[in-house]
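Student: Below is one structure. I have some questions about it.
The values are calculated or read from the model by the stated rules, or taken from the named source; none is laboratory data. What you are looking at is a predicted structure, and each value in this text was computed from that prediction instead of being measured. Neighbour counts run over all protein chains shown; Cβ positions are idealised from the backbone, glycine included. Protein only, heavy atoms only, side chains kept; ligands, DNA and RNA dropped before computing areas. Shrake-Rupley method; radii C 1.70, N 1.55, O 1.52, S 1.80 Å.
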Amino acid sequence: MDDAVRIVTTAPTPTAVVAESTSWEEFPQLWGELLSEVWTFLRDSDLTTGRNVMLYKDDSPNVEVGAEVSDSFTPTGRVVPSSLPAGRAATGVARGAPSAAGLASAHAAVRDWCAANGHELSGVRWEIYGHWLEDQDPALFETEVYWLLKAQPV
């Protein structure tokens, strides 16, 4: 991960997703199918679309795979409206073509930074994948990694 970890306040971001309860062993073979299902729906919709997203609600993992969208919509099949979390989050950017090792390293960097700086993680985390541009150097591709923080006592 090239960039320093920082704390941000995220707004809820509408998404179109397929939610699934899976295992970490099955997920690498499953996510492409889920994302394809979402994009099949989006291509036939009137929604303005954004970047691909993966939300991990817990360590099971219960996941949501999909894309940012402009608005809510009526669920169609397994594709449902959802949103990325709002709140205080620790974030960093992974550069390079997405890989399991690269994303794991980015997540570890955020977790380690939070532990070293006294920020307690809620367990909810997500990734936002940059747009892939034709003829782009894969080293320039960016994936934003977020970990939602536990609320601080008042």
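Student: Which order do Ile128, Ile7 take when ranked by solvent-accessible area (1.4 Å probe, heavy atoms of all protein chains), largest first? Don't skip to the end; give the middle numbers.
Tutor: Numbers: Ile128 10, Ile7 60 Å².
Ranked from most to least accessible, the order is Ile7, Ile128.
Student: Dipole of the chain (Lys/Arg Cβ +1, Asp/Glu Cβ -1, origin at the Cα centre): which of Gln136, Pro75, Ala11 lies farthest to the positive side?
Tutor: Of the listed residues, the answer is Ala11.
Student: Taking a cut-off of 23 Å, what percent of all Cα-Cα pairs in the chain are separated by more than that? Mind showing how you got there, number by number?
Tutor: Working: 4424 of 11781 pairs.
Summing the P(r) tail past 23 Å for the chain gives 38 percent.
Student: In segment 127-145, which residues have a backbone nitrogen under 18 Å from the label point lying 7 Å from Thr10's Cα in the Cα-to-Cβ direction?
Tutor: Of the residues in segment 127-145, 127-131, 142-145 have backbone N under 18 Å from the label point off Thr10.
Student: Still on this model: What is the angle, in °, between the Cα long axis of helix 100-116 and the longest principal axis of the Cα atoms in the chain? Nearest 10 is fine, range 0 to 90.
Tutor: It works out to around 40 degrees.
Student: With everything on Cα atoms, drop me the angle between helix 27-43 and the longest principal axis of the chain, reported from 0 to 90° to the nearest 10.
Tutor: The helix 27-43 is inclined about 50 degrees to the chain.
Student: Once you've got the GNM for the chain with C-alpha springs shorter than 10 Å, pick whichever of Asp135, Asp71, Asp46 has the biggest mean-square fluctuation.
Tutor: Asp135
Student: Anyone know which of His119, His131, His107 comes out most mobile in the 10 Å Cα GNM of the chain?
Tutor: Result: His131 has the largest fluctuation of those listed.
Student: Taking only Cα atoms and a 10 Å spring cutoff, compute GNM fluctuations for the chain and point out the largest among Leu103, Leu34, Leu133.
Tutor: Result for the chain, Cα springs under 10 Å: Leu133 fluctuates most.
Student: While we're looking at this one, here's another question. How high is the FRET efficiency from Glu142 to Ser70, r the C-beta distance, R0 22 Å, rounded to 0.05? Present the calculation step by step, with values, prior to reporting the outcome.
Tutor: Details: r = 22 Å, r/R0 = 0.99.
Efficiency, rounded to the nearest 0.05: 0.50.
Student: If DNA, RNA and ligands are ignored and the probe is 1.4 Å, what is the ranking of Val80, Val145 by accessible area, most exposed first? Could the numbers behind the result be given before it?
Tutor: Numbers: Val80 50, Val145 0 Å².
Output order, biggest surface exposure first: Val80, Val145.
Student: While we're here: For segment 60-83 and segment 93-124, what is the separation of their C-alpha centers, rounded to whole Å?
Tutor: Here the answer is 24 Å between Cα centres.
Student: Quick one: if you stick a label point 7 Å off each Cα along the C-beta vector at Trp24 and Glu120, how many nm between them?
Tutor: Reported label-point gap for Trp24 and Glu120 is 2.3 nm.
Student: By how many nm would the segment from Ala86 to Thr40 grow when fully extended, if each residue of separation counts as 0.36 nm and the alpha-carbon distance is taken off? Spell out each step's value before the answer.
Tutor: Details: separation 46, 0.36 × 46 = 16.56 nm, distance 2.71 nm.
Between Ala86 and Thr40, full extension yields 13.9 nm more.
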